[in-house]
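Here's the structure we're looking at; comments come further down.
The values are calculated or read from the model by the stated rules, or taken from the named source; none is laboratory data. Since this is a predicted model, take the numbers as computed values, not measurements. In this analysis, Cβ positions are derived from the backbone assuming ideal geometry, glycine residues included, and neighbour counts consider all displayed protein chains. Quick note on the areas: whole protein, heavy atoms, side chains included, nothing else; ligands and nucleic acids left out. Shrake-Rupley method; radii C 1.70, N 1.55, O 1.52, S 1.80 Å.
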Amino acid sequence: MKSMPLKDPRSPLAPPRHAVIVSSALTFALAALGVALAALSMLYFGRGGAHPPADMRVGRLPVMGYNTWNAYHCDINETVLLETASLIKSLGLADVGYDYVNVDDCYSEKKRNDNGDIVADPTRFPHGMKWLTDHIHSLGLKAGIYSDAGWFTCALYPGSFQNEERDAKLFREEWGFDLLKYDNCAVPFDEISRENIIGRYVRMSDAIATQAKASGQPPLLLSLCEWGNQQPWLWAKRIGQSWRTTGDIGPNWNSVADIINKNSFISWASDFYGHGDLDMLEVGNGDLTFEEAKAHFTAWAFMKSPLLIGTHLADASTETLSILKNTEIIAINQDPVVGTAITPFRWGAGPQWTSNSTHPAQYWSGESENGTVFMLLNVLDEPADLFFNLTESPWIRSGRQYSVRDLWAHTDNGTAARNISVPAVPAHGVVALLLQDAGDEPEGIEPKCSVLEWCIDKNGTLIR
Ligand code: GLA
């Protein structure tokens, strides 16, 4: 391509008059554009769009770690946290990626102090929060804390509304936390807030950005918890790094199935730096069978949810630990190359493949660094044979064969062409497979097309 001369060589001195007019009009237009862009960016950043510089961004991958709520509810103290942190190390959970230890609700006094600060409960946390996070950090782990976008938390401890900057500073600088879970209870009256939910959460994300900028520290990772009430999958990635998609989980299959069903429609929204949070894990808790717990863990991991352990680690069974430490499942959740989640390619077991809260989608697939990942769920209360055509998934090429890795059995199961059938999947059980392209399918497979609809020979003969 030819380069243009910078100046018109015929007018080395003053430019002609029309050029002056054009150039001042241009300058004016550019200035106006600049002002408009600045205003737009203020508007945008004012709605929580302020991302720190690339090397300071946090939460690219889903958070892995521990949260106190499911196992302890309000019954927490410094001993629980310290024991949990050392078990995360000694049980090898840190080695497979669990590196956050998060304090949930009920850690503080019921009232702020005279300066207006939240005060850690001196009975539960006699050494204070800085001492706690120092200890957690000394183990090579990170620490999370909890607050609320309203006047109070869900257990009626102080929330952060109208104290966002003060609290962000306290949590990050004085107490040394790395993550903030931000709940949505006890919100102010409309006449006080005059905002929507986005605005109330932006107050904290702006406070976090301000604190990070002033201190030069990486920002607190912000984990939104408004239970999916106002479609956070549409807006929360501008504000934080994860958003709860659904209500509180319970340690039973009905709750897990309901959460899977709801998330089947919105799992597409997750990607690097923004993750749908299906709630903390119940693996090891309540009524969940081994098969159900495996299905629960697989669905959470493959939908790129944060993976926060929520069971008593001191008495966790070998089965529980074998689920939480399945590195082949975790690798999909923590994929450094593909940030997107799996989605269903075929929905439920009902007529016309409909789904509902007890019978969520059964056949799911997604991309990964190392191939196409499949999750098959048996949502029935009895064993079932599961079968699918490979090209039902958009990530599979027709006319190819694929090597099949079973991510729970940890076995290589040869190659598959056209379809896969798995007999006798246990009730509420899961099959997790990783398929890699292994070249052209063997010659002579009939019919000529795996999808017969509108499959046609070059000479115009339809194949049926
Ligand atoms: C809400 C949240 C839970 C937990 C409790 C604490 O219900 O959804 O995850 O944090 O509050 O009170």
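Quick notes on this structure:
- If only the Cβ of Lys and Arg carry +1 and only the Cβ of Asp and Glu carry -1, the dipole of the chain around its Cα centre is close to 2300 debye.
- Taking only protein heavy atoms and a 1.4 Å probe, the accessible area of region 390-452 is 51% carbon and sulfur.
- Value at 222 nm in deg cm²/dmol, rounded to 500, when DSSP H runs of n ≥ 4 in the chain each add -39,500 (n - 2.57): -8000 deg cm²/dmol
- In region 362-401, Rg over Rh equals 1.03, where Rg is the alpha-carbon radius of gyration and Rh the Kirkwood radius from pairwise Cα distances.
- The chain: relative contact order in percent, alpha carbon pairs under 8 Å with at least 6 residues between: 12 percent
- Protein heavy-atom accessible surface, 1.4 Å probe, per residue over region 104-145: 49 Å².
- In region 355-464, the convex hull through the Cα atoms has an average projected area of 8.3 nm², a quarter of its surface area.
- Placed amide H near F152: partners under 5 Å, 5+ positions off or other chain: G159
- Ranked by how many other beta carbons lie within 10 Å on average, peptides 94-102, 402-410 from highest: 94-102, 402-410
- Using the alpha-carbon positions of region 321-370, Rg (one decimal) and Dmax (whole number) come out as 13.9, 38 Å.
- Listed by chain and number, the lysines whose C-alpha is less than 30 Å from the C-alpha of K448, apart from same-chain residues fewer than 8 away, are K458.
- Annotation for region 335-401 versus region 126-194: alpha-carbon center distance of 38 Å.
- When only Cα pairs below 8 angstrom with a gap of at least 6 residues are kept, region 267-362 shows a relative contact order of 30 percent.
- Cα-Cα over 27 Å, subset of K110/K325; K181/K304; K130/K262; K262/K294: K110/K325; K130/K262
- Over region 44-172, volume per residue of the alpha carbon convex hull, in Å³: 134 Å³
- Rg and Dmax [Cα atoms of region 137-280; Å; Rg one decimal, Dmax integer]: 15.4, 46
- Descending by average beta-carbon neighbour count within 10 Å, the peptides 329-336, 218-225 line up as 218-225, 329-336, the highest first.
- Added length on full extension, which subtracts the Cα-Cα distance from 0.36 nm per residue, D385 to Q436: 16.1 nm
- Equivalent ellipsoid dimensions for region 200-357 as semi-axes, Å, which come from the Cα gyration tensor, largest first: 28, 20, 15
- nm² value of the averaged projected area, convex hull over the Cα atoms of region 51-103: 4.9 nm²
- Taking only protein heavy atoms and a 1.4 Å probe, the accessible area of region 125-183 is 52% carbon and sulfur.
- Residues whose amide H lies under 5 Å from that of L221, counting only those 5 or more places away or on a different chain, are L179, L180; hydrogens are built 1.01 Å from N in the peptide plane.
- Where the alpha-carbon atoms of the chain are placed on the principal axes, they occupy 83, 75, 43 Å, in descending order.
- Pair-distance distribution of region 162-233: all C-alpha pairs, bin width 5 Å, starting at 0; shares per bin in whole percent are 3, 16, 27, 23, 16, 11, 4, 0.
- Put simply, when 189-196, 455-462, 389-396, 202-209 are sorted by average Cβ atoms within 10 angstrom per residue, most first, you get 202-209, 389-396, 189-196, 455-462.
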